[in-house]
Number of protein chains: 2
Amino acid sequence: MDRNGPASSRRTTIYDLASVVGTSPSAVSSVLNGTWKKRRISESLANRVLQAAEDNGYALNIQASVLRRDKSDIVGMIIPKYDNRFFGAIAERFEEAMRAEGRFPVITCTQRDAALEVEAARGLLSYQVDCLVACGATDPDRIAELCRAAGVPTINLDLPGSLAPSIISDSYSAARELTGLILDACARDLGLAGPLTFIGGRLDDHNTKERRRGFLDAHAARGITVPETAILTPGYAPARARAALEALPVRPRGIFVNSTITLEGVVHWIQSLDPAVAAAIRYGTFDYDPFGALLPQSVGMVEQDVAGLVAELLRQMAKGAEAPRRVINVPCILRTPTARP
Amino acid sequence: MDRNGPASSRRTTIYDLASVVGTSPSAVSSVLNGTWKKRRISESLANRVLQAAEDNGYALNIQASVLRRDKSDIVGMIIPKYDNRFFGAIAERFEEAMRAEGRFPVITCTQRDAALEVEAARGLLSYQVDCLVACGATDPDRIAELCRAAGVPTINLDLPGSLAPSIISDSYSAARELTGLILDACARDLGLAGPLTFIGGRLDDHNTKERRRGFLDAHAARGITVPETAILTPGYAPARARAALEALPVRPRGIFVNSTITLEGVVHWIQSLDPAVAAAIRYGTFDYDPFGALLPQSVGMVEQDVAGLVAELLRQMAKGAEAPRRVINVPCILRTPTARP
DNA sequence: AATGAATGCTCAATCGATGGAGCATCATTG
DNA sequence: CAATGATGCTCCATCGATTGAGCATTCATT
């Protein structure tokens, strides 16, 4: 159409389309954003504009559009890592749900680094997000403050904060159930009644605290006393977990593993043992991984209900800034091995 | 500072800062974007502006900034899924690398759906991305065309296309090595010389073709003939893989598994067998999963070199639109079980 | 004292899309 | 035939940051 030779160097704008069709930029804009009926544009003009847009490979300039409008329809999420199924699934579901609502999700991964979290949140605010979801944030309240300064509502996911509504998994109940399951398996398979060993995490971390509580209550309900030495929380790293297990005076046979990442260390440890000894170990893990579930001594894994968490997230987002700052618990799903001969 | 009572309803702009400091918006802008020395702004004014920005919780409006500039510094990536370690790691590394260069990564997940891929690419173009990376795209050339229309350079990652430079893993060599490894293990552990069974993927898929080629050549190098019936490519889904294995007249004992997702089906099948029979099976998998690697009969996994792929990606991006449309192969890493008593 | 240069700013146009206000044109009504 | 209303547009200010051009000062030099 115009004299731009090699694949038109500039991107097509509504002004280009307007001159192609022989109309005004406003008309083009309203046709393209769907407000043309409201603005009494004729159907014939609308069709000509749409055709021209198609022919010229027009793509909206979101920057210009958002700059002008008051809502951006962009929703931001910060997430720690993509290295486990849980966060990956959260990211996927969230994107899907937002897109289904015609909004634009932007997700940023913060490497479990508090400074990066803040930087990422700032970055997302620059995008004029309408809402920011802080998933698994180290310091959710710091982020909530940043957002408040910008007048943007926040929601916490996976880890609770005090300045915004929080949607988290019901770690306590699931840990209690999982503990029961492991105790049963130990009694059945190994004739073992004793207390289990809890491995992984940090006690200053909300999830670990809740899981420990469930772990203890499940024991208490069966009249089993758990010595403090049976609770090992040297962080999540595989190597530290393995070292902690190796340092125990008595080799544990029933184990509550506090994350899939810790499980890697536990399995390495088990595989370093004599096969016969290894066979007389049972463990269950909080968090789910399909291969982790297939390992020989695994008696169950707790899968967080990603669909449920995201559904609840949508519900809170719909409430906007008026959402109460409370904690919403979503039940987990206990997965046990099925096809085992 | 101003009369906005409850957490200043409007976001702070350079105009607000200008009136707070008592200077012009241009001065504020140049201080905040670092061009102030070039524009001969005094250090004292710069400091006052920075202080005011801090005090008022100023956040840049990217939309306005990008609208004005010719480069956006936004780089887009489309990626199929976050449900395996490979894509998760790619996303993480890419984000990290871009941020280190002061650019803004935006990643979108397309659920292995060709229509979503195109929609996502269009969405990213709306963000005025300077460059779009099509990772594992079903139809990279369709995306390259969209980008060409918008004058945006594209790079393919993981799967090659013909209209843009492509950076992919060297599937052939790795498959050949892995096949050799499985053959060795079968000979050593099971006294088995025979051809292996190849399971998973589709023959119209580039990676499967290359891996099949490596698989066949490794056999040929040892003088082993592979019957066509030993190559099963019913897709990647676990259930289909399991069904295909169960349908075989003779139970395979040495297996080349074409993806971690297929591996799930293979392991389910193995676990449905009598333990003694299961113990006499060896397999290796193309693609890596830390738990997959810990499963008993696994003799090795091929890990794609994510760091290497991303490093190569950066190199190509630096070349901009002049990057030649060729395919760059990055070697994989063969991972074998280490601590096994 | 006059000239030139350096210093430290401000002005105003601009990017592309949006939407309230307004302007023709044509049909209908009393 | 004037008044009213509907129809189908266009005009233009606006969002916030950027940047080339330009305007006062101050300082150094001859």
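Just so you know, all these numbers are worked out from the coordinates, no wet-lab data involved. Quick caveat, the model's predicted, so the values are computed rather than measured. Neighbour counts run over all protein chains shown; Cβ positions are idealised from the backbone, glycine included.
Summary table below
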| quantity | calculated |
| --- | --- |
| Alpha carbon centroid spacing (whole Å) that separates region B:280-309 from region B:11-61 | 53 Å |
| Residue mean of other protein chain beta carbons inside 10 Å, B:37-47 | 0 |
| Estimated inter-spin distance, A:L314 and A:R222, nm [label 7 Å along Cα→Cβ] | 3.9 nm |
| Calculated P(r) tail over 16 Å for region A:161-280, as whole % of Cα pairs | 61 percent |
| Cα pair count fraction exceeding 35 Å, expressed as % - the protein assembly as shown | 52 percent |
| Taking only Cα atoms of region B:93-183, radius of gyration then Dmax in Å | 15.3, 51 |
| Label-point separation in nm, B:E96 to B:D113, each point 7 Å along Cα→Cβ | 3.1 nm |
| Three-way shape label, region A:16-101, alpha-carbon gyration tensor, a/c 1.5 | prolate |
| Region B:279-332 - Kirkwood radius from inverse mean 1/r over Cα pairs (Å) | 13.6 Å |
| Projected label distance in nm at A:T336 and A:A321, using a 7 Å step from Cα toward the beta-carbon | 5.0 nm |
| Farthest positive-ward along the protein assembly as shown dipole, Cα basis, beta-carbon charges - from B:N61, A:L132, A:T108 | B:N61 |
| Average partner coverage of B:94-100, which counts Cβ from other chains inside 10 Å | 3 |
| Karplus (6.51, -1.76, 1.60) ³J(HN,Hα), θ = phi - 60°, over region B:157-168, in Hz, Gly and Pro reported as x | 10, 6, 10, x, x, 9, 9, 8, x, 10, 10, 9 |
| Amide hydrogen neighbours beyond the local backbone of B:Y288, cut-off 5 Å, H modeled | B:Q304 |
| Candidate aspartates and glutamates - alpha carbon under 13 Å from B:K71, same-chain residues fewer than 8 apart omitted | B:D130 |
| Cross-link partners of A:K81 among lysines (Cα-Cα below 20 Å; sequence separation of 8 or more within a chain) | B:K81 |
| Total charge dipole magnitude, region A:210-257, about the Cα centre, Cβ charges on Lys, Arg, Asp, Glu only, Debye to nearest 20 | 120 debye |
| Residue-averaged beta-carbon neighbours from other chains (10 angstrom radius) around A:316-324 | 0 |
| Cα-based Kirkwood hydrodynamic radius, chain B, one decimal, Å | 23.2 Å |
| Chain A: DSSP helices with Cα axial extent of at least 24 Å and average Kyte-Doolittle hydropathy no lower than -0.5 | none |
| Calculated P(r) tail over 16 Å for region B:223-276, as whole % of Cα pairs | 39 percent |
| Chain A: relative contact order as a whole-number percent, Cα under 8 Å and 6+ apart | 15 percent |
| Charge context of A:I328, other residues only, Cβ under 10 angstrom, K/R +1, D/E -1 | 0 |
